[in-house]
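Accompanying notes for the structure given below.
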Amino acid sequence: MASATSILLNDGNTIPAIGFGVFMVPNDGSTYAAVTEALRAGYRHIDTAAAYFNEEEVGRAVKDSGIPREEIFVTSKLWLQDHGLEAARKGIDASLEKLGLDYIDLYLIHQPYGDVPGAWRAMEEARTAGKLKSLGVSNMTPNIWKSFVPQFDTVPAVNQVEFNPFFQQRELRELLAKDKVVLEAWFPLGHGNAQLLKNPLITALAEKYHKNAGQIVLRFEVQEGVVILPKSTNPSRIASNLDIFNFELTAGEMEQLRGLDTGRGTHNPETPGMAEMLLANYKVHD
Ligand code: A2P
C-alpha cells in the first residue's frame, strides 16, 4: 500500500491528504463497517458530522480498530441548529460524547448561516481547552467567507466545499491561498457522476497509468493541494481510492485537467432560503 501524504495547516497541525467521508452512510452498522474497512485499508482520516447522524459508529470503529488514537485524524462538524456561543458549546460537547473521544482533530462550522461568529468563539474556547485541535469552516463561497471570516479572531485552517474537475473553485482558491487555508473537497468524484468518470481525457489517463478513472480524478485533486474525502461503501473502491500515491500526473496533464472546469457544481450556498431548507431537513436534536 502506498502511503498517503500529509498537508501542513496554517495552525501548524498536519492533515492527511485523503480522508474517508461518511456522508449519508447510515448509523445501522454500515458506518461502523465502512470505517472499519477504511482503517483496515490504510485510511487514517475520517470525516463525519453531527448532521450525518453516525458519529457514534465512527467513534466505535476508531476505538475498536486498535490503532493508537493519535494516528487517526477525526473531523466532525457543528450543525446549524447549534450556532451561537452557548448552543455551540453544547454542540461541541455532544459531538465529543457521541464519538466517545477526548478530542477532535478538526471541527468545522458545517453550514455558514446564522450566528457563525458566536459558534466560532465557542470553537476557539474548545480549542484552548484541548477538546478541538484545528478549526475550520465549510460551504463558504468567496462572498460568505468575506462576510464572516473578518469577524473571527483566528483564520480557519480549512474550508470544506464541493470540488471536482468539473467544479474547480478558482476564485475561492485564490482567496484561501492568501491565508494558507486548505481547501477540502466534498463530492471529489462528482458523487459518482458518470460524465466525469467517463470523460475521454480522464479515461485516456486511466489507461496510460493503469489506474481507474476515479483514481485519476483523485490524483489530480491531491496534486492541486486539495484534501479529498471520497466516499464509498464498496471495499474494493475504498481500497482503490487510497491507491493514488504511486504515480504522478505530468504538468501538461494537470493543465489539461484544469481545462475541464465548468465553474459550476450541484450546490450553491448562496441560494436564498438555503439555511431554512437545511434546518427543516436535518435536526440533530429537538
Ligand atoms: P460506492 O459506495 O458504491 O463505491 P463522492 O465521494 O464524490 O461523493 O462519490 C461517492 C459516490 O461515488 C458513491 O456513490 C460511490 O459508490 C461512488 N464511487 C466511489 N469511488 C468510486 C470510484 N473509484 N469509481 C466510481 N465510483 C466511485
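Of the heavy-atom accessible surface of the stretch 59-197 (probe 1.4 angstrom), what whole percent is carbon and sulfur? Within the stretch 59-197, the accessible surface is 50 percent carbon and sulfur. Computed from label points 7 Å out along Cα-Cβ, the spacing between E70 and A33 is 3.5 nm. With respect to the chain, whose longest principal axis is taken over its alpha-carbon atoms, helix 116-128 is tilted by about 90°.
From largest to smallest, the equivalent ellipsoid semi-axes obtained for the stretch 15-111 from the alpha-carbon gyration tensor read 22, 13, 12 Å.
Relative to its residue count, the stretch 128-217 spans a Cα convex hull of 128 Å³ per residue. In sequence order, the stretch 84-96 has phi-based couplings of x, 4, 5, 5, 5, 4, 5, x, 5, 5, 5, 4, 4 Hz under the Karplus curve 6.51 cos²θ - 1.76 cosθ + 1.60, θ = phi - 60°, and Gly or Pro positions carry x. Evaluated at q = 0.21, 0.31 Å⁻¹, a Debye calculation over the C-alpha positions of the stretch 216-268 (equal weights, vacuum) places log10 I(q)/I(0) at -0.90, -1.22. Plainly put, the chain has a radius of gyration that is 0.95 times its Kirkwood radius, both from alpha-carbon atoms, as the Rg/Rh ratio.
Coupling constants for the stretch 233-242 follow from the phi torsions by the Karplus curve (6.51 cos²θ - 1.76 cosθ + 1.60, θ = phi - 60°), and in residue order they are 10, 9, x, 6, 6, 4, 6, 5, 5, 8 Hz; glycine and proline get x. For the pair Q151 and F247, a Förster radius of 41 Å applied to the C-beta separation gives a FRET efficiency near 0.40, rounded to the nearest 0.05. Kirkwood analysis of the stretch 169-286, using all unique Cα-Cα pairs, places the hydrodynamic radius at 16.1 Å.
Label point 7 Å out from T271 along Cα-to-Cβ: which residues of the stretch 180-209 have amide N under 14 Å? Counting backbone N atoms under 14 Å from the label point, the list is empty.
Taking trypsin sites (Lys or Arg not before Pro) as exposed when DSSP calls them loop and at most 15 other C-beta atoms lie within 10 angstrom, the chain has its longest site-free stretch at 1-177. Among the protein heavy atoms, those of L101 account for about 20 Å² of accessible surface (1.4 Å probe, every chain in place). Near the amide H of S134, within less than 5 Å, lie the amide hydrogens of L106, Y107, all on another chain or at least 5 residues away, with H placed in the peptide plane. Per-residue Karplus couplings for the stretch 189-205, computed as 6.51 cos²θ - 1.76 cosθ + 1.60 with θ equal to phi - 60°, are listed in order as 9, x, 6, x, 3, 5, 4, 5, 6, 10, 4, x, 5, 5, 5, 5, 5 Hz, Gly and Pro entered as x. Residues whose amide H falls under 5 Å from that of H45, counting only those 5 or more places apart or on a different chain, are F20, F73, with hydrogens built in the peptide plane. Each residue, M24 and D102, gets one label point 7 Å from its Cα in the Cβ direction; the gap between the two is 3.7 nm.
The values are calculated or read from the model by the stated rules, or taken from the named source; none is laboratory data. This structure is a prediction, so every number in the text was calculated from the model and none was measured. Glycine also receives a Cβ, built like all others from the backbone with ideal geometry; neighbour counts cover every protein chain displayed. Surface areas here come from the heavy atoms of the whole protein model, side chains and all, with no ligands, DNA or RNA. Shrake-Rupley method; radii C 1.70, N 1.55, O 1.52, S 1.80 Å.
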